[in-house]
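A.B. asks: Handing you a structure now.
The values are calculated or read from the model by the stated rules, or taken from the named source; none is laboratory data. This structure is a prediction, so every number in the text was calculated from the model and none was measured. No Cβ is skipped: glycine too gets one built from the backbone with ideal geometry, and neighbour counts run over all protein chains shown.
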């Protein structure tokens, strides 16, 4: 159902319900496609006797088919993919993954991990993520709960950015990197400071940390 045959549509403008041959002519698709839409209740349709006999045929709502087509077209436009219907249980103001990347400047891998770990409000439909925009934008402005950005970690520990990165790469701090940015576990930072202070003279520690501000 990628195009509409306008000539075939004009011929049935007066009809509210179409048979399967008319539907395939308008949308230039196969009979099996229309059958699937009817069987899965994706369009309004019902079965009626054919020619007064025992055999049944589909009577398919013309407006229902048009609504389905336009929903597919809108879904394709927003996703940048092949035509799909926007999920009925997902609010229309939510973002697709492509829109989320554009809105936050974070990478798909980072946003996908947040979705899988439940750190942002998101739903997965038809192998695509849909994200609630307000909570996502607020989340990207700060580190997740219990974590610290590199700038916050520097204030907590007095260590340089390079030193923090090295400790993270050596697994001496619990941290993860997303879209080129480190997030450090606050408890891990506190534990590192306790170990560090255990072997550092108080006067030297006070002088060293103060000199960094």
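A.B. asks: Can you tell me which residue among 173, 167, 159 is part of a helix (DSSP H, G or I), in contact with a helix residue (DSSP H, G or I) (Cβ under 9 Å, 6 or more places away or on another chain) and modelled with pLDDT of 85 or more? I'd like the intermediate steps shown before the answer.
C.D. replies: On the way: 173 fails: part of a helix (DSSP H, G or I); 159 fails: part of a helix (DSSP H, G or I).
Exactly one residue qualifies, and that residue is 167.
A.B. asks: Working only within segment 136-150, note down all residues that are in contact with a strand residue (DSSP E or B) (Cβ under 9 Å, 6 or more places away or on another chain) and part of a helix (DSSP H, G or I). Walk me through it before giving the result.
C.D. replies: As a first pass, look at segment 136-150 and keep what is in contact with a strand residue (DSSP E or B) (Cβ under 9 Å, 6 or more places away or on another chain): 136, 142-144, 146-150.
136, 150 - these are the residues of segment 136-150 that are in contact with a strand residue (DSSP E or B) (Cβ under 9 Å, 6 or more places away or on another chain) and part of a helix (DSSP H, G or I).
A.B. asks: Now for a separate question. Return yes when residue 59 is over 20 Å from residue 88 (Cβ atoms), modelled with pLDDT of 85 or more, outside any helix (DSSP H, G or I) and over 28 Å from the mean Cα position of the chain (by Cα) and no when it is not. Reasoning before the result, please.
C.D. replies: On the way: over 20 Å from residue 88 (Cβ atoms): yes; modelled with pLDDT of 85 or more: yes; outside any helix (DSSP H, G or I): yes; over 28 Å from the mean Cα position of the chain (by Cα): yes.
Spelling it out, residue 59 is indeed over 20 Å from residue 88 (Cβ atoms), modelled with pLDDT of 85 or more, outside any helix (DSSP H, G or I) and over 28 Å from the mean Cα position of the chain (by Cα).
A.B. asks: If you go through segment 124-133 one residue at a time, do you hit one that is in a loop (DSSP other than H, G, I, E, B) and modelled with pLDDT of 85 or more?
C.D. replies: Quick first cut of segment 124-133, residues in a loop (DSSP other than H, G, I, E, B) only: 126-127, 132.
With modelled with pLDDT of 85 or more added as a condition, the list becomes 132.
Checking segment 124-133: at least one residue is in a loop (DSSP other than H, G, I, E, B) and modelled with pLDDT of 85 or more.
A.B. asks: Spot the failing condition for residue 115; the list is (1) touching a strand residue (DSSP E or B) at 6+ places or on another chain (Cβ under 6 Å); (2) closer than 18 Å to residue 184 by Cα, and only one is missed.
C.D. replies: Every condition holds for residue 115 apart from (2).
A.B. asks: Further, regarding this structure: Would you tally the residues in segment 91-112 being more than 27 Å from residue 186 (Cβ to Cβ) and touching a strand residue (DSSP E or B) at 6+ places or on another chain (Cβ under 6 Å)?
C.D. replies: Summing the residues that are more than 27 Å from residue 186 (Cβ to Cβ) and touching a strand residue (DSSP E or B) at 6+ places or on another chain (Cβ under 6 Å) in segment 91-112 gives 3.
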